[in-house]
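Let me begin by presenting the structure, written as structure tokens, before commenting on it.
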Amino acid sequence: MAINKDSNTYTISFAIVLVVIVGGLLAMIANGLKPIQDENLMNEKKQNILNCLPGNKAISRDEAGSVFSDFVKQRVILDYNGKIKDNTLLDNSVELNNKNTNDAFSVDLLKEYKTIKDQESRNYPLYICDVKGQTYYVAPVMGKGLWAAVWGFIALDDLGNKISGTVFDHKSETPGLGAEISQDFFEDQFIGKLISNNNDFKSIEVNKPGNPLNDYQVDGISGGTFTSVGVEEMMSRTLVVYHKYIKNLNKS
Amino acid sequence: MSEQTVAIEEKKKVVKEREPLFSKKNKKLITDPLDENNPITIQVLGICSALAVTVQMKAAVVMSVAVLFVLILANVSVSLIRNLIPNRIRIIVQLVVVAALVIIVDQVLKAYLFDVSKELSVFVGLIITNCIIMGRLEAFALGNKPWPSALDAIGNSLGYGMVLVIVSFFKELFGSGKLFGFEIFGNATEQTGLYAMGYMDNGLMLLPPSSLIIVAVYIWIQKLRNPSLIETH
């Protein structure tokens, strides 16, 4: 018996069978690959944290997983006033745990940036690192570029005055324009720039390229104005908290 | 000879005359889209990604490979079920097949080629909307066997990739003085090479409109070489 392919029954059953098969296949693949994808993301975050420390630019994503605890000695979550939140100061004997809400590593900055409008109630994770006996503070920053999120990790020196290194990345900025913020030439400009003026916080400005620069200014990306503005905004909004923390630490 | 044996003889002939894998007709499936029937320059499909992913050659190449992969699999799978697809929902069925393949590509890239997936970011997802893919499914795979469909897919994605690579060559070279990320004209920030003599990158080349100009020049040269492509009305 030939099947009438134009009948409603055939059309609907075909649709149902197709959707079930395709849906099942996709669910299987997504579930099967999830652990590998999660590990990639975790290693990438570790790599970013390590890469912004001086002399660590070359650490690859694969290495980052194993050498992370050699550099990152403590992880801590701060509140908006730069005070340590209860039970969140973990040293590197406590294993990294994405699920532990007291672990700075578990803080999802993008989610908080999108859902918590009041920046005073957001979490401010900080990584306290040691490179050859010298202490550095690595502060994550999160903001928005032209199309979607941009973020970065900023290494500050032990006095909280100077930037010692940066790593920037983005979700979907335009290649060749805004996406250039993740290139070395952009990131390296920040090294040695100041965020402190007589112990008061002073933010970094990302300027239109081609103008003379002082200690608080860097060149933006030509053609990537929105992304450059996003970088400036996220740094000024977030670094003020870490500045407070490091200054208080040095006072006492 | 009885009628029966004639019939059998004829049947044998038909079997013998089965097309070789790379018959002239099949070869044309690959070569046509490269020139005379190029999806971008002649059919004017897939222009959107030609504008968006051509700022750097690397992204253009990776995008072309991703489209090649998706188009082959989509063409072959639609061709395999072409006799089962109910006519009334065929576009939706094609869309489901393409969307599923694109998600698979995206997931696999995220797991095993993490850096490439970051490079392409949203563009992988946008393969779904690439008109070339739906166009080939509707125009070719629905009415042809899997093997010619696969060849058709290879031809069209190569034709697409070729234009992408050519456009990105000019855009990256004159927009940022680089090819595949290597500095060709010297370093702009340190003012070396050509830049030392006062050369400057053309900012327009980094923006989508420049692709239109390059594609237009490409079409112009193509039609100059092959006047039969010029429409006369």
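The values are calculated or read from the model by the stated rules, or taken from the named source; none is laboratory data. Predicted model, so just to flag it, every value in this text is computed and none were measured. So basically every Cβ, Gly included, is an ideal-geometry build from the backbone, and we count neighbours across all protein chains shown. The accessibility values were calculated without ligands, DNA or RNA, using every heavy atom of the protein model including side chains. Shrake-Rupley method; radii C 1.70, N 1.55, O 1.52, S 1.80 Å.
So, of the residues in the range A:72-88 that are of a type in the set (S, T, N, Q) and assigned to a loop (DSSP other than H, G, I, E, B), which turns out to be most open to solvent (accessible area, probe 1.4 Å)? Write out each step before concluding.
Restricting attention to the range A:72-88, the residues satisfying the condition of being of a type in the set (S, T, N, Q) are A:74, A:81, A:87-88.
In the following step, the residues that additionally are assigned to a loop (DSSP other than H, G, I, E, B) were identified as A:81, A:87-88.
On the way: A:N81: 88, A:N87: 124, A:T88: 4 Å².
So the residue we want is A:N87.
Considering A:D219, A:D169, the condition of being of a type in the set (D, E, K, R), farther than 17 Å from A:L53 by Cβ and in contact with a strand residue (DSSP E or B) (Cβ under 7 Å, 6 or more places away or on another chain) is satisfied by A:D219 alone.
So, in the range B:78-93, how many residues would count as being in contact with a Leu (Cβ under 8 Å, 6 or more places away or on another chain), in a helix (DSSP H, G or I) and within 11 Å of chain A (Cβ to nearest Cβ)?
Taking the range B:78-93 and keeping what is in contact with a Leu (Cβ under 8 Å, 6 or more places away or on another chain), we get B:78-79, B:82, B:85, B:90, B:93.
Restricting the remaining residues to those that are in a helix (DSSP H, G or I) gives B:78-79, B:90, B:93.
With the extra rule that they be within 11 Å of chain A (Cβ to nearest Cβ), the set shrinks to B:90, B:93.
So the answer is 2.
Once the range A:173-187 is narrowed to residues that are in contact (Cβ under 8 Å) with a residue 12 or more places away in the chain and surrounded by fewer than 19 Cβ atoms within 10 Å (Cβ to Cβ), the residue that is nearest to the other protein chains (Cβ to nearest Cβ) is A:S182.
Here the condition is being at the interface with chain A (Cβ under 8 Å from one of its Cβ atoms) and either in a helix (DSSP H, G or I) or open to solvent by 40 Å² or more (accessible area, probe 1.4 Å) (or both); of B:I103, B:I127, it holds for B:I103 alone. Scanning the range A:89-111 for residues that are within 19 Å of the chain's Cα centre (by Cα) and either over 28 Å from A:K171 (Cα atoms) or crowded, with 16+ Cβ neighbours inside 10 Å (or both) yields A:L96, A:N102, A:D103, A:A104, A:F105, A:S106, A:V107, A:L109.
Would you check if A:K144 is under 14 Å from the mean Cα position of the chain (by Cα), open to solvent by 30 Å² or more (accessible area, probe 1.4 Å), more than 14 Å from A:L50 (Cβ to Cβ) and in contact (Cβ under 8 Å) with a residue 60 or more places away in the chain?
When the stated conditions are applied, A:K144 passes them.
Considering only residues that are under 16 Å from B:L173 (Cβ atoms) and assigned to a helix (DSSP H, G or I), which ones fall in the range B:188-214?
Listed by number, the residues that qualify are B:G193, B:L194, B:Y195, B:G203, B:L204, B:M205, B:L206, B:S210, B:S211, B:I213, B:I214.
For the range B:147-161, the count of residues that are open to solvent by 40 Å² or more (accessible area, probe 1.4 Å), touching a strand residue (DSSP E or B) at 6+ places or on another chain (Cβ under 9 Å) and part of a helix (DSSP H, G or I) is zero.
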